[in-house]
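The values are calculated or read from the model by the stated rules, or taken from the named source; none is laboratory data. Given the structure is predicted, the values throughout are model-derived calculations rather than measurements. Note that each Cβ is placed from the backbone with ideal geometry, even for glycine, and that neighbours are counted across all protein chains shown.
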């Protein structure tokens, strides 16, 4: 075990922080030039992402963008579902360039492109179905730093493409045999803005109580990390009747003011703002507005795991039905679901997996513990905007402060870690050995290995892009969660 390096976790002064700085347990290895460049361009079943600039095939360059866009266009054409595609982007500096390359490629293939310009991920998803399009592309690297960008791919239901479709697309990418249209059959571009329509659909939801929100006269702070949320969130709040709004990092210039992942360690500025301005709530979104983090009136983190818990609680109080989250999300959702007399189901990690499980089990609410809320009454996609509307309705009707509402839920803590392995390590064999070691415990293997220890659990997943194992552990205290993760990491060290 001496080969493992334990880097202590940073703790924050937040009694409700359910997401903490990941710890890295590194098995020292020689870092080659290849290893250093490996993560700069990633092609997967969900799309392509990478860092802007550099060499084609190693970074996200114009060559790679055109190549992948053409492959996606070819895949869409093979499905015979039409030639209309929707495209939108977050506010990253590289966004206009990337979107222009995609749009031009698709026009060259004969597509009718509906260009939303700056648009949240959920807005693009809604637009695909509203436009009856064959699919869509979202230009966003989500919570990655500003040098990254990505193409996220949607089917004709406005949902991320399935694993089977993704594999088929990658085969087309490898073939590199796109067919372009002759001059008389080139496509077209229509520029549209769907944000107003998206907000209109949210306000029309029966559980969004605009009158209750207005009556509370909420004072709310927003941090949109200089991306499209800086436009979308204030507009939504105004439509909900919120008049007192404090904005930081809301200019959509793509110069991300801090690490864009909405974790407690990145949110000190809005925490101070909420306290200084005596706000009722702080709202934080990631660059493409599919993740929602909240700050209570005393400047403490509501906990990104608990965004979904609170919204689900509100939905369950008004609509009987099942819930879903992934295996790495807090067990608090299961507890409030069962308390409401309903059934909870766990899916593999990944939005497409959560959506599939929700459909299979007729779930009325679901999502992921990273602040992703999926409300199928609107659409099957993580949507911070509908999450905000439902949460504010819940907060208004509860007639309590955000901190009191948070204290009403089971309190759990998650320890997030990873073990970095020697290249060539048989990760599947390691996970199989851990499954055997803990075979007397309840074990779930639909996505890596999830082991339950009474009310505690640990989830181990291998990365498809790095030689690492991710280890998430949850308990009712941070120390216990950390200790459980450390024990499993020691087991991994013994096995290799």
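Please indicate, with yes or no, whether at least one residue in segment 381-391 is at pLDDT 95 or above, over 14 Å from the mean Cα position of the chain (by Cα), under 15 Å from residue 323 (Cα atoms) and part of a helix (DSSP H, G or I).
Checked segment 381-391: no residue is at pLDDT 95 or above, over 14 Å from the mean Cα position of the chain (by Cα), under 15 Å from residue 323 (Cα atoms) and part of a helix (DSSP H, G or I).
Tell me the strands (runs of 3 or more DSSP E) entirely within segment 423-496 that contain at least 2 residues that are within 23 Å of the chain's Cα centre (by Cα) and closer than 16 Å to residue 413 by Cβ.
Answer list for segment 423-496: 456-462, 468-475.
For segment 365-377, state whether one or more residues are in contact (Cβ under 8 Å) with a residue 60 or more places away in the chain, more than 19 Å from residue 237 (Cβ to Cβ) and more than 23 Å from the chain's Cα centre (by Cα).
Looking for residues that are in contact (Cβ under 8 Å) with a residue 60 or more places away in the chain, more than 19 Å from residue 237 (Cβ to Cβ) and more than 23 Å from the chain's Cα centre (by Cα), one finds none in segment 365-377, hence no.
For the condition closer than 16 Å to residue 152 by Cα, modelled with pLDDT under 90 and within 24 Å of the chain's Cα centre (by Cα), what is the one hit in 46, 19?
Just a single option satisfies the conditions, and that option is 46.
From the set of residues in segment 341-361 that are assigned to a loop (DSSP other than H, G, I, E, B) and in contact with a strand residue (DSSP E or B) (Cβ under 6 Å, 6 or more places away or on another chain), which is modelled with the lowest pLDDT?
349
Considering every residue within segment 53-63, establish whether at least one is within 27 Å of the chain's Cα centre (by Cα), at pLDDT 75 or above, under 24 Å from residue 109 (Cα atoms) and buried (at least 16 other Cβ atoms within 10 Å of the Cβ).
Scanning segment 53-63 turns up at least one residue that is within 27 Å of the chain's Cα centre (by Cα), at pLDDT 75 or above, under 24 Å from residue 109 (Cα atoms) and buried (at least 16 other Cβ atoms within 10 Å of the Cβ).
Go through segment 268-307 and report how many residues are surrounded by 24 or more Cβ atoms within 10 Å (Cβ to Cβ) and part of a loop (DSSP other than H, G, I, E, B).
So the answer is 10.
Being farther than 19 Å from residue 391 by Cβ and without any contact (Cβ under 8 Å) to a residue 60 or more places away in the chain narrows it down to one residue among 234, 182; which is it?
182
May I ask you to verify whether residue 408 is closer than 27 Å to residue 265 by Cα and loosely packed, with under 15 Cβ neighbours inside 10 Å?
Answer is yes for this residue.
Assess whether residue 394 counts as being assigned to a loop (DSSP other than H, G, I, E, B), touching a residue at least 40 places away in the same chain (Cβ under 8 Å) and buried (at least 20 other Cβ atoms within 10 Å of the Cβ).
no
Output yes when any residue across segment 320-333 is in a helix (DSSP H, G or I), at pLDDT 95 or above and under 22 Å from residue 476 (Cα atoms), and no when none is.
For segment 320-333, residues in a helix (DSSP H, G or I), at pLDDT 95 or above and under 22 Å from residue 476 (Cα atoms): present.
Tell me which residues, restricted to segment 110-158, are part of a loop (DSSP other than H, G, I, E, B), crowded, with 24+ Cβ neighbours inside 10 Å and either assigned by TED's automatic domain parsing to the domain that holds residue 291 or in contact (Cβ under 8 Å) with a residue 60 or more places away in the chain (or both).
Within segment 110-158, 111, 119, 120, 140, 141 meet the criteria.
Being over 18 Å from residue 291 (Cβ atoms), out of contact with any strand residue (DSSP E or B) (no Cβ under 7 Å at 6 or more places or on another chain) and modelled with pLDDT of 95 or more is the filter; apply it to segment 225-267 and report the residue that is surrounded by the most Cβ atoms within 10 Å (Cβ to Cβ).
Taking the candidates together, the pick is 240.
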